[in-house]
Amino acid sequence: EVTTPERVFEETIERDQRIEPRDWMPEGYRKTLVRQVAQHAHSEIIGMQPEGAWIARAPSLRRKAILLAKVQDEAGHGLYLYSAAETLGADRADLTAKLISGRQKYSSIFNYPTLNFADIGVIGWLVDGAAICNQVPLCRSSYGPYARAMVRICKEESFHQRQGYELLLTMMRGTEAQRDMVRDAVDRWWWPSLMMFGPPDGDSPNTRQSMAWKVKRHTNDELRQKFVDMTVPQADALGVSLPDPELRWNADRGAHDFGEPDWAELKRVISGDGACNAERVERRRTAHEQGEWVREAAAAHAAKRAARQEA
Ligand code: 3HC
C-alpha cells in the first residue's frame, strides 16, 4: 500500500525509532524541537553565571578546580545543544539574538542569586539532580541528534551532582555556622528546583503534543514527583530538612506527597521578573558583543584556510 511521508514519520515514532535530520517531519515537530533544544542550550550557557561568580572565591584549589571543570562542561553542553538545534535548520547567531532580546527562554532556576559557597553545593545536588531527572528520559527523545546529545551530557551531569552533594556533606561535618549555611541554601533553592520541571501538567500547553511525538517521555508532574522521591532520602542522609511542611511518605501511593510550588512566582520569573533576570541577560549580551572580534577573526582565518586549500 502507498506510504506517505506522514505515515512513515508516524510509524517511526510508534516504533520508538529515531527521526534524523534528513527525514521528513511535520513543521510543528521541527518548531517544537527548535524551541526546546534552543532553550535547553540557553539554560546551559546562562547557567554558567551563578556558579562562575564563585570560581575566583572558591575556598580551596580543589574546589576551584572542580567548579572550573563543571562550568566548562556546561559551556560544552550549550554548544553541543546549539549544534543539535542547527540540524533542524536553526541558526546559532539567530538563537543567541532571540535569547538576548527575550524572545526565547532559559531555565527559571538561573535567575536566583548565589549568596555563598553552600549555594554551589546545593546547585550541584538539587539543580543538577533535577536536570538529571529531566535529561535521562530525553536520551530516548524521538529526535536523534537531541537524544544523542543527552546521552553524552548525562554522563557529565552525574559528576556535577556528586561533587555538589560531597561539598555539602563536608560542610555538614564542619562548624555549626557551616551547617547553618547549608540549611539556608537548601531553604532558598528547594522550591525553585521543583519549578525547573515546568508548570503543572494542566497548565502546560506543550506537554500533550510533546508526549505524542515522544519529544518528551514523561510529563512535568511525573518528573517532579520522581525528583522529590529521589531527593528526600538524600536530604535525610545529609541531615537537612526540606522546607515543605506537607512533605510526607504516602504508602498508598508509594510516593511522597508534597506542597504546591508558587506557580505565580514561576510565571513571574519566566516572564523576566525574577531576582537576576536583567543581570543574567545583560551579562550574556555584553559577552556576545565583546566576543564579536573573536568570531570575526575565526571566520577570517577559516576563509583564508579555505582559500589556501582551493589554490
Ligand atoms: N524555566 C523557564 N521556562 C519554562 C520553565 C522553566 N522552569 N518551565 C516551563 N517553561 C516555559 C516553556 O518553555 C514554555 O514556554 P515556550 O512555549 O515559550 O517554550 C512554557 O513555559 C510552558 O511550559 P510547558 O510545560 O508547556 O513547556 P515544555 O513542554 O517545553 O516543558 C521543560 C518545559 C520541562 C523545561 C521542557 O522544555 C524540557 O524538558 N526542556 C529540556 C530540559 C531543559 O531545558 N532543562 C533546563 C534545566 S537547566 C539544565 O539542564 C542545565 C543543567 O546544567 C543544570
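Could you list all residues from region 130-160 that are touching a Lys or Arg at 6+ places or on another chain (Cβ under 6 Å) and under 17 Å from Phe197 (Cβ atoms)? Scanning region 130-160 gives Cys133, Pro137. Scoring Asp236 on the criteria (1) touching a residue at least 24 places away in the same chain (Cβ under 8 Å); (2) among the acidic types (Asp, Glu); (3) more than 25 Å from Pro50 (Cα to Cα); (4) more than 16 Å from the ligand (Cβ to nearest atom) leaves a single failure, condition (1).
What residue, among those in region 13-29 that are in a helix (DSSP H, G or I) and touching a Phe, Trp or Tyr at 6+ places or on another chain (Cβ under 9 Å), is surrounded by the most Cβ atoms within 10 Å (Cβ to Cβ)? Among those that are in a helix (DSSP H, G or I) and touching a Phe, Trp or Tyr at 6+ places or on another chain (Cβ under 9 Å), it is Tyr29. For region 157-164, indicate whether the set of residues that are at pLDDT below 95, within 12 Å of the chain's Cα centre (by Cα) and within 11 Å of the ligand (Cβ to nearest atom) is non-empty. For region 157-164, residues at pLDDT below 95, within 12 Å of the chain's Cα centre (by Cα) and within 11 Å of the ligand (Cβ to nearest atom): present.
So, in region 171-228, of the ones that are in contact (Cβ under 8 Å) with a residue 60 or more places away in the chain and polar (S, T, N, Q), which residue ends up farthest from Glu260 (Cα to Cα)? So the residue we want is Gln178.
In summary, Leu194 fulfils each of the numbered conditions (1) within 28 Å of Thr12 (Cα to Cα); (2) under 16 Å from the mean Cα position of the chain (by Cα) with the single exception of condition (1).
Looking at Gln72, Gln49, Gln39, just one residue is closer than 16 Å to Thr114 by Cβ and within 15 Å of the chain's Cα centre (by Cα), and that residue is Gln49.
Here's the yes/no breakdown for (1) more than 22 Å from His40 (Cβ to Cβ); (2) without any contact (Cβ under 8 Å) to a residue 12 or more places away in the chain; (3) charged (D, E, K, R):
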| position | (1), (2), (3) |
| --- | --- |
| Asp257 | yes, yes, yes |
| Ala287 | no, yes, no |
| Gly291 | no, yes, no |
| Glu296 | yes, yes, yes |
| Ala306 | yes, yes, no |
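Condition check: closer than 30 Å to Glu166 by Cα, within 16 Å of the ligand (Cβ to nearest atom) and either surrounded by fewer than 21 Cβ atoms within 10 Å (Cβ to Cβ) or of a type in the set (Phe, Trp, Tyr) (or both). Does Ile55 satisfy that? When the stated conditions are applied, Ile55 passes them. Within region 112-142, if we keep just the residues that are among the hydrophobic types (A, V, I, L, M, F, W, C) and surrounded by fewer than 18 Cβ atoms within 10 Å (Cβ to Cβ), the residue that is farthest from Ala69 (Cα to Cα) turns out to be Cys139. The conditions of being more than 19 Å from Arg285 (Cα to Cα), free of Cβ contacts under 8 Å to residues at least 24 places away in the same chain and surrounded by fewer than 17 Cβ atoms within 10 Å (Cβ to Cβ) are met by Leu61.
The values are calculated or read from the model by the stated rules, or taken from the named source; none is laboratory data. Because the structure is a prediction, the values reported are computed rather than measured. Because the Cβ atoms are built from the backbone with ideal geometry, glycine has one as well, and the counts that use them run over all protein chains shown.
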